[in-house]
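**Student:** Mind looking over this structure? Questions follow.
The values are calculated or read from the model by the stated rules, or taken from the named source; none is laboratory data. Keep in mind that what you see is a predicted model, and the values were worked out from it rather than measured. We place every Cβ from the backbone using ideal geometry, glycine too, and count neighbours over all the protein chains shown.
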Amino acid sequence: MSKVRTREVSGDEAGLRLDRWFQRHFPDLSHGALQKLLRTGQVRLDGKRVEGKDRVEPGQIVRLPPGVSAAPPAIKSKAAVIRSERDEKEIQRLVIHRDDHVIALNKPPGLAVQGGTGTERHIDGMLDGLRFGYPDRPRLVHRLDKDTSGLLLIARTGQAAKRLAEAFRDRTTEKLYWAVVVGGPPRPEGIVDLPLAKKMSGHDRELMQVDEEEGQRAITDFKVLDRAAKLAALLALWPRTGRTHQLRVHCAEIGCPILGDRKYGGETAVLENVADTARLHLHARRLRLPHPAKGELLLEAEPPPHFRRTVEAFGFSTSGD
């Protein structure tokens, strides 16, 4: 009979989310099974109850309940090796910045950041292709929606991951997004302050909604960069908080859903005679944050082809952001 075991967090795992730590050491343990073990207190960190989003630090002790064991190393097939090489080349093509601590990607729309139900191909699964000679596996420090394009930061060391996570958590990071919206906001610039909560659904677990009683506070600054009469507008968006789907919900709530966002805008998010109207027009354009070693990191990512085509079709100017 298997017994309760423990494992110590290593030095290169500083700042890693607990659920990512389990994914690294116990890849056969599903996300749902881990969440159940966490909810029932069977997994603990230094003897305390924890959640999957909590961060681990070197020297901490993870309690492993009976039945949790590492899978034996799999023998890679020839097809798997070819796929791995192809993924490595693809993710390396996305790199727009690299130093000893940080890698920045320009993520294309349609590529998921992390795995989930029905999602086998994702950035997290390709991170070994970004080692560039380092012994440590790079790690994610934030997320973008699958259909959102733009800047995605990757930490190259555990210490860098910890400091970047702190910058996002302490809101010392300035994030600028561009969005093409249907119609336009009620004023040229302003602030959207509407709390958001997750609405559980049988088909969509991450459908967010405004909830004044139980929602978490969500704040977005916006500015109209250009307009096409009352048909569409190009917005600059600065999220002060990082709620799931925050920008998409906030734009829909002020009457200008993001072009292509049927999830929150329905049919009003579609425009006739726009070639790429079915694709989400939301792009993580710029990041400004403290560098994990010293100084400041300022990064920009060019929009994907469908976004550029729409901007050109409307004759939008992107200056003034």
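**Student:** Being out of contact with any strand residue (DSSP E or B) (no Cβ under 9 Å at 6 or more places or on another chain), on the phi < 0 side of the Ramachandran plot, without any contact (Cβ under 8 Å) to a residue 60 or more places away in the chain and not assigned by TED's automatic domain parsing to the domain that holds SER149: is that true of ASP221 here? It would help to see each step written out before you state the result.
**Tutor:** Working: out of contact with any strand residue (DSSP E or B) (no Cβ under 9 Å at 6 or more places or on another chain): no; on the phi < 0 side of the Ramachandran plot: yes; without any contact (Cβ under 8 Å) to a residue 60 or more places away in the chain: yes; not assigned by TED's automatic domain parsing to the domain that holds SER149: yes.
So ASP221 does not fit the description; no.
**Student:** Please enumerate the residues belonging to region 25-54 that are within 21 Å of the chain's Cα centre (by Cα) and surrounded by 14 or more Cβ atoms within 10 Å (Cβ to Cβ). Steps first, please.
**Tutor:** Let us first name the residues in region 25-54 that are within 21 Å of the chain's Cα centre (by Cα), namely 27, 30-32, 34-35, 51-54.
Selection gives HIS31, LEU34, GLN35, GLY52, ASP54.
**Student:** Would you please name the residue that is nearest to LEU164 (Cα to Cα), looking only at residues in region 95-112 that are among the aliphatic types (A, V, I, L, M) and surrounded by 19 or more Cβ atoms within 10 Å (Cβ to Cβ)? Outline the logic, then answer.
**Tutor:** In the first step, residues of region 95-112 are kept if they are among the aliphatic types (A, V, I, L, M); the result is 95-96, 102-105, 111-112.
After this cut, where a residue has to be surrounded by 19 or more Cβ atoms within 10 Å (Cβ to Cβ) as well, the list is 102-105, 111-112.
On the way: VAL102: 9, ILE103: 12, ALA104: 12, LEU105: 15, LEU111: 23, ALA112: 21 Å.
That would be VAL102.
**Student:** Shifting gears a bit: Taking the conditions exactly as written (modelled with pLDDT under 95 and of a type in the set (Val, Ile, Thr)), does THR244 satisfy them or not? First the steps, then the outcome.
**Tutor:** Working: modelled with pLDDT under 95: yes; of a type in the set (Val, Ile, Thr): yes.
So THR244 fits the description; yes.
**Student:** Take the residues of region 286-321 that are among the aliphatic types (A, V, I, L, M) and farther than 21 Å from LYS223 by Cβ: which is surrounded by the most Cβ atoms within 10 Å (Cβ to Cβ)? Steps first, answer last, please.
**Tutor:** Our first condition is that a residue be among the aliphatic types (A, V, I, L, M); within region 286-321, this holds for 287, 289, 293, 297-299, 301, 311, 313.
Of the ones still in play, those that are also farther than 21 Å from LYS223 by Cβ are 293, 297, 313.
On the way: ALA293: 14, LEU297: 20, ALA313: 15.
Top of the filtered list is LEU297.
**Student:** Check LYS199, LYS223 and return the single one that is under 26 Å from LEU153 (Cα atoms) and surrounded by fewer than 21 Cβ atoms within 10 Å (Cβ to Cβ).
**Tutor:** Within the list LYS199, LYS223, the selection yields LYS223.
**Student:** Would you please name the residue that is farthest from ALA155 (Cα to Cα), looking only at residues in region 1-54 that are part of a strand (DSSP E or B) and not basic (Lys, Arg)?
**Tutor:** Just the residues of region 1-54 that are part of a strand (DSSP E or B), to begin with: 5-8, 17, 44-45, 48-49.
Now drop any that are not not basic (Lys, Arg), which leaves 6, 8, 45.
Details: THR6: 27, GLU8: 21, LEU45: 23 Å.
For region 1-54, the residue satisfying everything is THR6.
**Student:** So which residues in region 1-24 are closer than 15 Å to ARG63 by Cα and surrounded by fewer than 17 Cβ atoms within 10 Å (Cβ to Cβ)?
**Tutor:** Of everything in region 1-24, those that are closer than 15 Å to ARG63 by Cα and surrounded by fewer than 17 Cβ atoms within 10 Å (Cβ to Cβ) turn out to be SER2, LYS3, VAL4, ARG5, THR6, ARG7, GLU8, SER10.
**Student:** What about ALA278, is it outside any helix (DSSP H, G or I), farther than 30 Å from ALA160 by Cβ, not assigned by TED's automatic domain parsing to the domain that holds VAL141 and not hydroxyl-bearing (Ser, Thr, Tyr)?
**Tutor:** Working: outside any helix (DSSP H, G or I): yes; farther than 30 Å from ALA160 by Cβ: yes; not assigned by TED's automatic domain parsing to the domain that holds VAL141: yes; not hydroxyl-bearing (Ser, Thr, Tyr): yes.
The answer is yes for ALA278.
**Student:** Another question about this same structure. Looking at CYS256, is it part of a helix (DSSP H, G or I) and either out of contact with any strand residue (DSSP E or B) (no Cβ under 7 Å at 6 or more places or on another chain) or surrounded by 19 or more Cβ atoms within 10 Å (Cβ to Cβ) (or both)?
**Tutor:** Working: part of a helix (DSSP H, G or I): no; either out of contact with any strand residue (DSSP E or B) (no Cβ under 7 Å at 6 or more places or on another chain) or surrounded by 19 or more Cβ atoms within 10 Å (Cβ to Cβ) (or both): yes.
No; evaluated as a whole, the condition is false for this residue.
**Student:** Check whether at least one residue in region 129-137 is touching a helix residue (DSSP H, G or I) at 6+ places or on another chain (Cβ under 9 Å), part of a strand (DSSP E or B) and surrounded by fewer than 16 Cβ atoms within 10 Å (Cβ to Cβ), and report yes or no. Please lay out each step first, then the result.
**Tutor:** If we filter region 129-137 for residues that are touching a helix residue (DSSP H, G or I) at 6+ places or on another chain (Cβ under 9 Å), which is where we start, we get 129-130, 132, 135-137.
Now narrow it down to the ones that are part of a strand (DSSP E or B): none.
No - not one qualifying residue is present in region 129-137.
**Student:** Look at VAL192 and say whether it is within 15 Å of GLY242 (Cβ to Cβ), in the same structural domain as ALA218 (by TED's automatic domain parsing) and in contact with a Pro (Cβ under 9 Å, 6 or more places away or on another chain). Show your work before the answer.
**Tutor:** Details: within 15 Å of GLY242 (Cβ to Cβ): yes; in the same structural domain as ALA218 (by TED's automatic domain parsing): yes; in contact with a Pro (Cβ under 9 Å, 6 or more places away or on another chain): yes.
Judged against the criteria, VAL192 is a match.
**Student:** Only one of (1) touching a residue at least 40 places away in the same chain (Cβ under 8 Å); (2) part of a helix (DSSP H, G or I) is not met by LEU271, so which one is it?
**Tutor:** So the condition that LEU271 fails would be (2).
**Student:** On to the next question. Only one of (1) surrounded by 16 or more Cβ atoms within 10 Å (Cβ to Cβ); (2) in contact with a Lys or Arg (Cβ under 9 Å, 6 or more places away or on another chain); (3) not in a helix (DSSP H, G or I) fails for LEU153. Which number is that?
**Tutor:** Only one criterion in (1) surrounded by 16 or more Cβ atoms within 10 Å (Cβ to Cβ); (2) in contact with a Lys or Arg (Cβ under 9 Å, 6 or more places away or on another chain); (3) not in a helix (DSSP H, G or I) is unmet by LEU153, namely (2).
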